[in-house]
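The values are calculated or read from the model by the stated rules, or taken from the named source; none is laboratory data. In this text the structure is predicted, and so the values were computed from the model without any measurement. Note: ideal-geometry Cβ built from the backbone for every residue, glycine included; neighbour counts use all protein chains shown. To get the accessible areas, we keep the full protein, side chains included, count just its heavy atoms, and leave off ligands, DNA and RNA. Shrake-Rupley method; radii C 1.70, N 1.55, O 1.52, S 1.80 Å.
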Amino acid sequence: MDTHLEELRQSFRNGRTRSLEWRKKQLISLIHFIQDKENAIFEALFQDLGKHPVEIYRDEVGIVLKSATNALSCLHKWIAPKKKYVPLLFFPAKGEVLPEPYGLVLIISSWNFPLSLALDPLIGAISAGNTAVLKPSEYAPACSSLLAATLPLYLDDKAIKVVEGGADISEQLLQQKWDKIFFTGSPSVAKIVMSEAAKHLTPVTLELGGKCPAIFDYSSVHSNMKVAAKRIVGGKWGPCSGQACIGIDYLLVEDKFASELIESLKRVLKKFYGENSRNSTSIARIVNEKHVERISDMLNDPKVAGCIVHGGLIDKQKRFIEPTILLNPPIDANIMTEEIFGPVLPIITLDKIEESIEFINARPKPLAIYAFTEDETLKKRIISETSSGSVTFNDTMVQFVCDSLPFGGVGQSGFGSYHGKYSFDAFSHDKAVLQRSFLIELEPRYPPWNDFKLKFIRLAYRFDYFRLVLLLLGLKK
């Protein structure tokens, strides 16, 4: 491992990754990898998670292609120095901000979207001009093997390497000195990542999860119940059978409207996955037996089992859990205190939908808040009175594929963001560059100090106020 890392560091030191041409070549090669290996990707994701090719293209292949293509078209703008205003105090001078790569970066990806959560950050690292080590999740072995075996055939092996292995390999990697670490996973592992990174003062980006709530304001959206129900079902069970960090974790609705909402959700589930969802090829499987057991234990809690109003079937051999709806499980049950990460949707009823804000604020900050409402007052309150990585109104998950918006968490749901230009920023340091001239030199700059020089300094710091007056008078553009 030490030999490989030294090779990567040397590649960065000699400037191998800094040119625009190198970055574009790697992005083009990554696109070719996705296109050439599409069938192999479909097969690997089916082996690991039972995903259908349509789901794979939507959530994995398409996202990577879109991200790489967008980076290719925007890269020349992203790497260009940005001129900045320099106060008159510094005249004559000019300033700019120059994005520079961190150096050698480590990317540790997750198993639920083992292609996109590995390659999307890598696109940001390449675009910024870094060398990188990619550590895929061992919980998705087929995808990990595919990336390790074929990605080096497309990308520059002297600058980008894939390292496979379990927790022991991750531990070895974290003990090394990195210039940036990008981690996607659980808060418990993120604490270990941060602890190891702190030993070298390494900056980190943590993409975690949390219990993402959905608020359903029936009074303002009941005329669009069918559409809303489809979007809720799509956002809960569509991506990886609920094994998604930004999937809906629980739903808040007023008590008097709960039964109608549940019936609408049942109709959509039947339409999407049939009478017997166990035979459906449109819903992914749970990643492994350990996670099947974890979710099964949540549902088998005597206080929770009686709250099941739909589904509940578990086939451990096939790693299948039926789409399940709960009504008012105990708030202190594991299913309401831990991230579910599975095809189970608890519905919590309230007297008034406005109480949802207090309910959400009483819990750790989520990665996303979804709210189905046309009430502008409620929208403003959700935005101003809650804290989350993102807020999406009247839909679910779509913020993830919008490259013009940052994707990331806050508090326990993580920190730092990526996607589009934000991916480039995540792997770049904004270096401030100030260039001055020898043309003008004023004596009061140097000691010995006296009252006149104090007055001069005070006046100098007011130069920007003079500039503001000129702007207001229209004398200066």
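Could you grab the pairs with beta carbons closer than 6 Å, sequence gap of 6+ or different chains, first residue in region 47-72 and over 12 Å from residue 112 (Cα atoms), second one charged (D, E, K, R) and buried (at least 17 other Cβ atoms within 10 Å of the Cβ)?
From region 47-72, the pairs are 67/120; 70/403.
Name the residue that is surrounded by the fewest Cβ atoms within 10 Å (Cβ to Cβ), counting only residues in region 402-434 that are touching an Asp or Glu at 6+ places or on another chain (Cβ under 6 Å) and in a loop (DSSP other than H, G, I, E, B).
Checked region 402-434; the qualifying residue surrounded by the fewest Cβ atoms within 10 Å (Cβ to Cβ) is 420.
Please specify each residue of region 274-306 satisfying the condition of being in a helix (DSSP H, G or I), more than 20 Å from residue 329 (Cα to Cα) and within 29 Å of the chain's Cα centre (by Cα).
289, 290, 291
Just to be sure I understand, how many residues within region 53-109 are hydrophobic (A, V, I, L, M, F, W, C) and in a strand (DSSP E or B)? Even if it seems obvious, please write down each step before you answer.
As a first pass, look at region 53-109 and keep what is hydrophobic (A, V, I, L, M, F, W, C): 54, 56, 61, 63-65, 68, 71-72, 74-75, 78-80, 86, 88-91, 93, 97-98, 104-108.
Next cut, in a strand (DSSP E or B) only: 93, 97-98, 104-108.
The qualifying residues number 8.
Condition check: open to solvent by 70 Å² or more (accessible area, probe 1.4 Å) and in contact (Cβ under 8 Å) with a residue 24 or more places away in the chain. Does residue 332 satisfy that?
no
When you check residue 349 against the structure, is it within 24 Å of residue 301 (Cβ to Cβ) and open to solvent by 50 Å² or more (accessible area, probe 1.4 Å), yes or no?
Answer is no for this residue.
I'd like the full set of residues that are among the acidic types (Asp, Glu) and touching a helix residue (DSSP H, G or I) at 6+ places or on another chain (Cβ under 9 Å), limited to region 235-262.
Within region 235-262, 249, 254, 260 qualify.
Only one residue in 227, 221, 162, 204 is farther than 24 Å from residue 9 by Cα, open to solvent by 10 Å² or more (accessible area, probe 1.4 Å) and hydrophobic (A, V, I, L, M, F, W, C), so which one is that? Before the answer, list the steps.
Working: 221 fails: open to solvent by 10 Å² or more (accessible area, probe 1.4 Å); 162 fails: farther than 24 Å from residue 9 by Cα; 204 fails: farther than 24 Å from residue 9 by Cα.
None of the others qualify; the one that does is 227.
Which ones in region 84-135 are of a type in the set (Asp, Glu) and either at positive phi or open to solvent by 10 Å² or more (accessible area, probe 1.4 Å) (or both)?
Of the residues in region 84-135, the ones of a type in the set (Asp, Glu) are 96, 100, 120.
Residues satisfying the conditions are 96, 100.
Quick one: what pairs do we get from region 3-25, first residue touching a residue at least 40 places away in the same chain (Cβ under 8 Å) and outside any helix (DSSP H, G or I), second of a type in the set (Lys, Arg) and open to solvent by less than 70 Å² (accessible area, probe 1.4 Å), C-beta under 8 Å, 6+ apart or different chains?
17/23
Check region 274-286 and report whether any residue there is among the polar types (S, T, N, Q), within 25 Å of residue 59 (Cα to Cα), buried (at least 19 other Cβ atoms within 10 Å of the Cβ) and in contact (Cβ under 8 Å) with a residue 40 or more places away in the chain.
The answer is yes; a qualifying residue exists.
Mind listing whichever residues of region 11-36 are over 25 Å from the mean Cα position of the chain (by Cα) and open to solvent by 50 Å² or more (accessible area, probe 1.4 Å)?
Hits for region 11-36 are 13, 14, 16, 18, 21, 25, 36.
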